[in-house]
Amino acid sequence: MSDLMAHPYHQYHPQQPQQRQFNPYTENGGTILAIAGADFSVIAGDTRQSEGYSIQTRYAPKVFKLTDKAVLAVNGFAADGNMFVKKVKQRLEWYRHAHSKDMPLRAIARMIQTMLYAQRFFPYYVYNILGGIEEDGTGAVYSFDPVGSYEREACRAAGAASALVQPFLDNQIYFKNQTPALGSAHPTHLPLRHVVELVIDSFTGATERHIEVGDSLEMYIVLARGRSLQGLEGLKDVRELSTPGSNGERLFVLRKPLKRD
Amino acid sequence: MQINGGSVIAMVGKNCVAIASDLRLGNQALTVATNFEKVFPVTDRIYLGMAGLATDVLTLRERFRFRVNMYTIKEEREIEPETFAHLVSSTLYERRFGPYFIEPIIAGITSPAKGSKPFIAGADLIGCLNFAKDFVVVGTASDELFGIAEGLWEPDLEPEDLFETISQTFLNAVDRDAFSGWGAIVHIITPEKVITRKLQARMD
Amino acid sequence: MECQVALTGKGYVLVAADTVAARSIVKMKHDEDKIKVLGSHLLMSYSGEPGDTVQFAEYIERNLRLHQIRYLQPLRPSPAAAWIRRQLADSLRSRSPYSVNLLVGGYDIATSEPHLYWVDYLGTLAHVPYAAQGYGSYFVLSLLDRYHNPEATLEEGIETLKRCIAEMEKRLIVGLGKFKVKIVDKDGAREIEL
């Protein structure tokens, strides 16, 4: 006690309980986008991965081929995203071994919902968009929130620049705030070439105005069984991932540089 | 900035400019009025738009009217858009450490003596000017406006095409923002005249 | 739990305010008049911080009266509302701001039009066909969205106002007791019984 009294009070620091915290989440930027056509589906994402103002890498894929007809885009916390894709792929492999066929798209969608909701109280910090071809041959897009709420839609943008891209899609895909000419109607599905152009415009726009978007664009294009290449011919930077000549769904990837600043 | 909500945008066209605002006035999530315009004429060919705290929008409208009137009397001529932009900037910077919570947008056409050129500018709440060549946006739907404007805008639009572009940009952006919307007002400014139109929008 | 409602109709503005003066959980008074008559054709209901409200309302009242004495005519509703707004806006950035929310209703004898303004303590001013302040606004505004008619006769307007008051009585956890209702039309401002 006398020892304490010897010091002026402001030099006296009693032992106080200290708190430390570990934050298990971070945001890694980037944006993903998917659009469904009548007999195709386009799933795209940029490849920049960042944390705060630092770019970790200019090429970190966010879009992954799951099966011949299903592609998954994952955006948010990259570590969670990669782990989630890994687990989805594992479940799909088990399915293949058990049933000797690929899991149908709608089943993958429901599986993703249960996998996400299983982590309801320590969620994967990711937004998922699943695109591909349904069993009836139609193009489909399923979008998910981090805990598994999901919905089939014609188009969806998610991630850092979702607020920039989604209104553009509302306008150009759903024709929101547009009235068709008298006696005509807006198309329910757009041609592939048109969709590809819209995706490219969306990403160049987002790159221009959002610092976390850029470097390069990776776009997967899934064509339904028996569909012609209509719309893909003449497109630069497109590579086929499926075996040419096989009569199943065909998968293409288009890689395009975006601004790097 | 999110107490009252609201958004404004301005765009450049070929020998014309356009400026638009929404009509919502809210108190947090509650919509109080749906006739609250945020764009005001400064001269016959300069318009000022403000998004942010509504009380400051009104106060600054009054202050700018006063300062522009004083300028007109002292200089015996109408103020140029660029001069007015600097007047806005210095008025806001006066309150550097206790700012008005608004972000302004200026859209206008320079006087015939200066070539009747289109002019737009934006600024932050303390008056840091941004002389954009294409478009400027402010308000609660600014992210949405940036994204869609980047997709729809192109250089050298004629007045009617510019009207369509700014209207589509604005409506689709505010429809994705809960704090903006409930109708919009658009002004197209050309050297000869100003065309003002009200737009019907979603009411949710 | 203070509540005020106002609406315009064909040639009139109706303003209603509760009459409770409360402190904490205690109702101190059941006949408090929270609607000031600011001139021959101008009404203002006020709510907010106790003390600020009456002080501010009387300040407004006396200054508008002074204006009328000086210039031999009262301010019309629109400039009156603009001036009141300015007082609140200036007060907001002063050392001790008033926290008072208002509804200003007036009848413009020059144009024969009723006017209603919604004003909050920040100095936000909105020209509206109907308005409410306080928790009651969350119920009442949706009712008015449905039932308000700018062309309504006084009887119809009172009917709508009664609906609003009944809804507040029904849905708010604390009953507000009697409402005081005042009207302003071509014949001037006065109190009415519902």
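Among the candidates A:LYS86, A:LYS101, A:LYS176, the residue that is touching an Asp or Glu at 6+ places or on another chain (Cβ under 6 Å) and of a type in the set (D, E, K, R) is uniquely A:LYS176. Filtering the range A:34-82 to residues that are among the β-branched types (Val, Ile, Thr), more than 10 Å from the chain's Cα centre (by Cα) and surrounded by 19 or more Cβ atoms within 10 Å (Cβ to Cβ) leaves A:ILE35, A:VAL42, A:THR47, A:THR67. Name the single residue that is surrounded by the most Cβ atoms within 10 Å (Cβ to Cβ) among those in the range A:198-213 being β-branched (Val, Ile, Thr) and facing another protein chain (nearest Cβ under 10 Å). Among them, the one singled out is A:THR207.
Right, C:LYS182: in a helix (DSSP H, G or I) and not aliphatic (A, V, I, L, M) or not? No; evaluated as a whole, the condition is false for this residue. Counting only strands (runs of 3 or more DSSP E) that sit wholly inside the range C:54-135, those with at least 3 residues that are at negative phi and within 12 Å of chain B (Cβ to nearest Cβ) are C:113-119, C:125-127, C:130-133. Of the residues that make up the range C:39-51, is at least one among the charged types (D, E, K, R) and either in a helix (DSSP H, G or I) or touching a residue at least 60 places away in the same chain (Cβ under 8 Å) (or both)? Checked the range C:39-51: no residue is among the charged types (D, E, K, R) and either in a helix (DSSP H, G or I) or touching a residue at least 60 places away in the same chain (Cβ under 8 Å) (or both). Of the strands (runs of 3 or more DSSP E) entirely within the range A:55-168, those holding at least 3 residues that are closer than 24 Å to A:GLY205 by Cα and away from every other protein chain (no Cβ under 14 Å) occupy A:70-76, A:126-133, A:139-144. Regarding B:PHE146, is this residue in a helix (DSSP H, G or I), farther than 25 Å from B:ASN35 by Cβ and facing chain A (nearest Cβ under 10 Å)? For B:PHE146, the condition - in a helix (DSSP H, G or I), farther than 25 Å from B:ASN35 by Cβ and facing chain A (nearest Cβ under 10 Å) - is met. Before we move on, is A:VAL253 crowded, with 23+ Cβ neighbours inside 10 Å and either not in a strand (DSSP E or B) or not aromatic (Phe, Trp, Tyr) (or both)? No.
For the range B:96-109, a tally of residues being of a type outside the set (A, V, I, L, M), touching a residue at least 40 places away in the same chain (Cβ under 8 Å) and either more than 21 Å from B:CYS16 (Cα to Cα) or in contact with a Lys or Arg (Cβ under 8 Å, 6 or more places away or on another chain) (or both) returns 4. Residue by residue through the range B:35-87, note down the ones that are part of a loop (DSSP other than H, G, I, E, B), among the aromatic types (Phe, Trp, Tyr) and more than 14 Å from chain C (Cβ to nearest Cβ). Matches in the range B:35-87: none. Note on the range B:93-138: among residues that are within 17 Å of the chain's Cα centre (by Cα) and within 14 Å of chain C (Cβ to nearest Cβ), the one that is nearest to B:PHE40 (Cα to Cα) is B:ILE102.
Set side by side, the residues B:GLY49, B:GLY6 differ, and just one is within 17 Å of B:THR196 (Cα to Cα) and either buried (at least 24 other Cβ atoms within 10 Å of the Cβ) or among the polar types (S, T, N, Q) (or both), which is B:GLY49. Taken over the range A:214-228, the criterion of being surrounded by 14 or more Cβ atoms within 10 Å (Cβ to Cβ), out of contact with any Gly (no Cβ under 7 Å at 6 or more places or on another chain) and assigned to a loop (DSSP other than H, G, I, E, B) is satisfied by A:GLY214, A:ASP215, A:ARG227.
Here, each number is a calculation from the coordinates, and none is a lab measurement. Values in this document were obtained by computation on a predicted structure and should not be read as measured data. Using ideal geometry, Cβ is built from the backbone for each residue, glycine included, and neighbour counts are taken over all protein chains shown.
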